[in-house]
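For reference, the structure discussed in these notes is given below.
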Amino acid sequence: MKRLAILGVLIAFAFASCGKKKEAKKDPWDDYAPKVQEMFDKAIANNDTAALKALTDSLYAFYKTHSDSVSKQGRKRALYFACNWSFAAFDWDRVLKYCGEFVTRYPGSAKAEEAYRFIGFALLQQKRWDDVIKVMSAFIKDYPESSNLGYAYKYLGLALSHKGKYSEAKKSLKKAKTMLEVLGAYDEIQDIDEMLKKLGG
């Protein structure tokens, strides 16, 4: 009887233990995200580029100081916003740093395709033609179904034209035009048409 009583207590304890839910650790991103959004909205409303740059640094610091076990999705979002908002601040060095790290760390993310577009544009602004050609060619090869391919071909075409490779540039710009028409990116298409006129195409 004693054995049965002890067994009963052990079974009851086992069920009680199983029934207890582990308290989920709170993701620090949940508290941080609303503050970040508020700061972003304020910076944009005030056209405060310095505040926006500082915010991107803060987001990057969040990404660097939290581990995946503590804030996996939060880290990813923080790094993406650091990338995206650097682009909004026209800060090409930060774009290359933060977007570059995003595509390296999260190459399978749908956001990586947009990050590559930001990188291509930033490299163009810095007149790094060889890097534009290298990065956009790799992007086109690695993401053949991306909705951002039109931008990639445009940036590639512009870089090729600056390198004096006019035939290749025209081919790339024409591909870009076709793809961007599908997206309705008419400002981009107008730029391409002007460039093709200069190239005699």
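The values are calculated or read from the model by the stated rules, or taken from the named source; none is laboratory data. Bear in mind that the values here come from a model prediction, so they are computed numbers and not experimental data. Glycine gets a Cβ as well: all are built from the backbone with ideal geometry, and neighbour counts include every protein chain shown.
Could you say which residue among Ala45, Ala51 is hydrophobic (A, V, I, L, M, F, W, C) and surrounded by 14 or more Cβ atoms within 10 Å (Cβ to Cβ)?
Details: Ala45 fails: surrounded by 14 or more Cβ atoms within 10 Å (Cβ to Cβ).
On inspection, the qualifying residue turns out to be Ala51.
Does at least one position in region 161-184 carry a residue that is β-branched (Val, Ile, Thr), buried (at least 18 other Cβ atoms within 10 Å of the Cβ) and assigned to a helix (DSSP H, G or I)?
Within region 161-184, the first condition is being β-branched (Val, Ile, Thr), and the residues that meet it are 178, 182.
Those still in the list that are buried (at least 18 other Cβ atoms within 10 Å of the Cβ) too: none.
No.
Which pairs turn up if I take residues in region 160-173 that are closer than 13 Å to Trp129 by Cβ and look for partners that are surrounded by fewer than 20 Cβ atoms within 10 Å (Cβ to Cβ) and at pLDDT below 95 with beta carbon separation below 7 Å, at least 6 apart in sequence or on another chain?
As it stands, the answer is Ser161/Met195; Ser161/Leu199; Ala169/Leu199, since those pairs meet every condition given.
Scan region 83-107 residue by residue and report those that are of a type in the set (S, T, N, Q) and over 19 Å from Asp41 (Cα atoms). Break it down into steps so the answer makes sense when it comes.
We begin by selecting, within region 83-107, every residue of a type in the set (S, T, N, Q); these are 84, 86, 104.
The answer is Thr104, and nothing else.
Only one of these conditions is not met by Lys72: (1) basic (Lys, Arg); (2) without any contact (Cβ under 8 Å) to a residue 12 or more places away in the chain; (3) in the same structural domain as Asp191 (by TED's automatic domain parsing). Which number is it?
Of the numbered conditions (1) basic (Lys, Arg); (2) without any contact (Cβ under 8 Å) to a residue 12 or more places away in the chain; (3) in the same structural domain as Asp191 (by TED's automatic domain parsing), the odd one out for Lys72 is (3).
Out of all the residues in region 103-114, which are of a type in the set (Ser, Thr, Tyr) and either in a loop (DSSP other than H, G, I, E, B) or touching a Ser or Thr at 6+ places or on another chain (Cβ under 6 Å) (or both)? Full working, then the answer.
Within region 103-114, the subset of a type in the set (Ser, Thr, Tyr) is 104, 106, 109.
Those that are of a type in the set (Ser, Thr, Tyr) and either in a loop (DSSP other than H, G, I, E, B) or touching a Ser or Thr at 6+ places or on another chain (Cβ under 6 Å) (or both): Tyr106, Ser109.
Tell me, yes or no, whether region 121-129 has at least one residue that is charged (D, E, K, R), closer than 30 Å to Ala61 by Cα and touching a Lys or Arg at 6+ places or on another chain (Cβ under 8 Å).
Initially, region 121-129 is screened for residues charged (D, E, K, R), giving 127-128.
In the following step, the residues that additionally are closer than 30 Å to Ala61 by Cα were identified as 127-128.
In the following step, the residues that additionally are touching a Lys or Arg at 6+ places or on another chain (Cβ under 8 Å) were identified as none.
Looking through region 121-129, none of the residues is charged (D, E, K, R), closer than 30 Å to Ala61 by Cα and touching a Lys or Arg at 6+ places or on another chain (Cβ under 8 Å).
Name the residues in region 86-102 that are part of a helix (DSSP H, G or I) and either at pLDDT below 95 or surrounded by fewer than 23 Cβ atoms within 10 Å (Cβ to Cβ) (or both), would you?
Keep residues of region 86-102 that are part of a helix (DSSP H, G or I), which gives 86-88, 92-102.
If the condition is that a residue be part of a helix (DSSP H, G or I) and either at pLDDT below 95 or surrounded by fewer than 23 Cβ atoms within 10 Å (Cβ to Cβ) (or both), then Phe87, Ala88, Trp92, Asp93, Arg94, Leu96, Lys97, Gly100, Glu101 are the ones that fit.
Name the residues in region 58-75 that are surrounded by 14 or more Cβ atoms within 10 Å (Cβ to Cβ) and assigned to a helix (DSSP H, G or I), would you? Talk me through it step by step, then tell me what you get.
Initial filter on region 58-75 (surrounded by 14 or more Cβ atoms within 10 Å (Cβ to Cβ)): 58-60, 62-63, 66, 70-71, 74-75.
Passing the criteria: Ser58, Leu59, Tyr60, Phe62, Tyr63, Val70, Ser71, Gly74, Arg75.
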